[in-house]
Each structure stands twice: as structure tokens, then as C-alpha cells.
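Okay, so here's the structure we're looking at.
Taken together, the values in this text are just the output of simple stated rules run on the coordinates, not laboratory data. This one's a predicted model, so the numbers in the text were calculated from it and none came from an experiment. When we count neighbours, we look across all protein chains shown, and the Cβ atoms used for this are built from the backbone with ideal geometry, even at glycine.
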Amino acid sequence: MTPTHTKVIIIAAGPGSRLKSYTETLPKCMLTFGDKTLLERQLGAYRECGITNISVVRGYKKEKIDYEGLRYYDNTDYENNNILNSLFYAEEELNGNVIVAYSDILFEPAVVKRLLQSEADISIVVDIDWYGYYVGRKDHPVEEAETVIFNANNEVVDIGKILTEKNDVYGEFIGMMKFSPRGAEVFKRHFNRSKELFWDRPFQRAKIFQKAYITDMIQEMVDLGVPIHCVIIERGWKEIDTVEDYEAAVKEFEE
């Protein structure tokens, strides 16, 4: 997979309510770290890897996200749905070679480069050196990490906000994944099947399908026998989910 033939979809529709006053007037991805917004830092990392075809799914305070050179899709119902359904407002971009990523992660270009090397149809980025991020992190307990149990072939067995036993092989899903052209079609087919079956009904760990996470969709596919490959990393990223996360990250940039 070459970067020039890869596109990116960034999901940035949520209100980021855990950031309290910081996101009263701004979407989470427009918070600043040093002299750049979180979204600008993400765009810089993708472009450093040669990827320039980038789309953003907006929702909360959508007018604040307005960079030139991007394509925009608006989630008009972001208050009533979640990140999985938010992604499908940009369904027309889900074809070919495509990276899908959360908008609240800071990451080094090396993470993207590692993901681009995967030849699997569907790959997710998993950090196996993740636990240290939760030491001293009061506002986002370890129980809320999107953890992954994978087998000897680095294929997902179990994913989501699950507590794992010490002897499990596991890491944390960082919120970035990649599809080949075939993988994108498989993912869309499973989403549309699940939407038809589970709309307004419980789906995996979600109370109703509309509130499902991407990890719920991944688990559904794994349960049905679809192989999901784990691209293993060790650090090189940060989640910005709470006031504590943001203030700690800003402090690092100042230093």
C-alpha cells in the first residue's frame, strides 16, 4: 500500500464533554498543543507519510473545523449516535485503501508508517506498552481502556472496554485502523447487515446499535469469523480524553 493511494477519514463529531470548559466552544480536535491544534498535528503526521487525501466527519461545533484542502461530512445527529455510526456519514469515502482514525489522539508519524506496512485486509493499531499511560491517571481509569486480546497470529480475539486477566496477551486499541479495498467492502457489508438487524436494539456492548463504538463492530466481525490483524506498537501516541489528559499534554509541549 503506497501513501499516495491511501486516504484518511478522521471522525471528529463528538462533543468531548469530559474536557469540560475546554470544549464549551470548540470541538476536541481544535484544542491547541504548542502552536498547533490537535487536528493540525494529525494532518501533519499524515502528510509527513505522504497522505494528502483526508476527510473529516464533523458534528459538534462543526463550523470551527474549517481547514482548506480537506473534505467534510457532517454528522447531523451526533447527540444521538456514537463513533461507529458517525463514520458512516462518510461512507462514500470508505473504499480503496483507507485509514480511519479518532480525532482525539496525538501520534507520531512512525505509527502511521507502521500501519501502512500491513498487508492485511483489516488492521488495527494496538499498543502493547499501554498500561503505563494509566498510572496516576485519575479521570480516565484503566477499566475504560479499549483493550485487545489477540492470538499468536496477532489476530483479534476480544476487543472493547474489557478487563483482562494477567496471563492474556493484550494491548490497547489506539483508535486507528486501515482497510484494503476488499477490507473496506467487508466492513461496509457487516455494518449495513448489523444496522438492519440491531437498529434500536442492543449490539455487542452497546445498549442500542446507534450508540455502538467501532470496537463493537470489530467484535461482531471477529465473532463471525472475519480476521482482524493487530499492528503492534509500543508507545508513540497519546489519547486526549479528559481535562487531566489535555493539561498534562500541553505541559509536555511547553517543556
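Please get the size of the charge dipole for the range 3-254, origin at its Cα centre, with Cβ charges of +1 on Lys and Arg and -1 on Asp and Glu, quoted in debye to the nearest 20. It would help to have the intermediate numbers written out before the result.
Details: 31 positive and 42 negative charges, 76 e Å.
With only Lys, Arg, Asp and Glu charged at Cβ, the dipole is about 360 debye.
Per-residue ellipticity at 222 nm for the chain, helices alone: DSSP H runs ≥ 4 residues times -39500 (n - 2.57), over residue total, nearest 500 deg cm²/dmol? Write out the running numbers ahead of the final one.
Working: 6 runs with 64 residues, N = 255.
After summing the helix terms and dividing by residue count, I get -7500 deg cm²/dmol.
Counting Lys and Arg as +1 and Asp and Glu as -1, what is the net charge of the other residues whose Cβ lies under 11 Å from the Cβ of ILE54? If you can, show how the numbers build up before the last one.
On the way: positive: LYS7, ARG47, ARG71; negative: GLU93.
Residues near ILE54 contribute +2 overall.
Determine the percent antiparallel among the DSSP beta bridges restricted to the range 1-93, to the nearest 5.
Values: 2 of 13 bridges.
Beta bridges within the range 1-93, antiparallel portion: roughly 15 percent.
If the chain between ASN80 and ALA152 were fully stretched, how many nm would it gain, using 0.36 nm times the residue separation less the Cα-Cα distance? It would help to have the intermediate numbers written out before the result.
Values: separation 72, 0.36 × 72 = 25.92 nm, distance 3.83 nm.
Full extension of this stretch gives 22.1 nm more.
Quick one: work out the % antiparallel among DSSP beta bridges in the chain, nearest 5.
Values: 23 of 45 bridges.
Given both bridge residues lie in the chain, the antiparallel proportion sits at roughly 50 percent.
Please report the relative contact order for the chain, taking Cα pairs under 8 Å with a sequence separation of at least 6, and give it as a percent rounded to a whole number.
Details: 497 pairs, mean separation 63.2, N = 255.
Once divided by the residue count of the chain, the mean separation gives 25 percent.
Report, in whole Å, the centroid distance computed from the Cα atoms of the range 78-106 and the range 201-255.
Centre-to-centre (Cα) distance: 12 Å.
Sort 171-179, 82-90, 33-41, 105-113 by packing, meaning the average of other beta carbons within 10 Å per residue, with the highest value first. Present the calculation step by step, with values, prior to reporting the outcome.
Numbers: 171-179: 24.1, 82-90: 21.7, 33-41: 16.4, 105-113: 18.9.
Descending packing order for the listed peptides: 171-179, 82-90, 105-113, 33-41.
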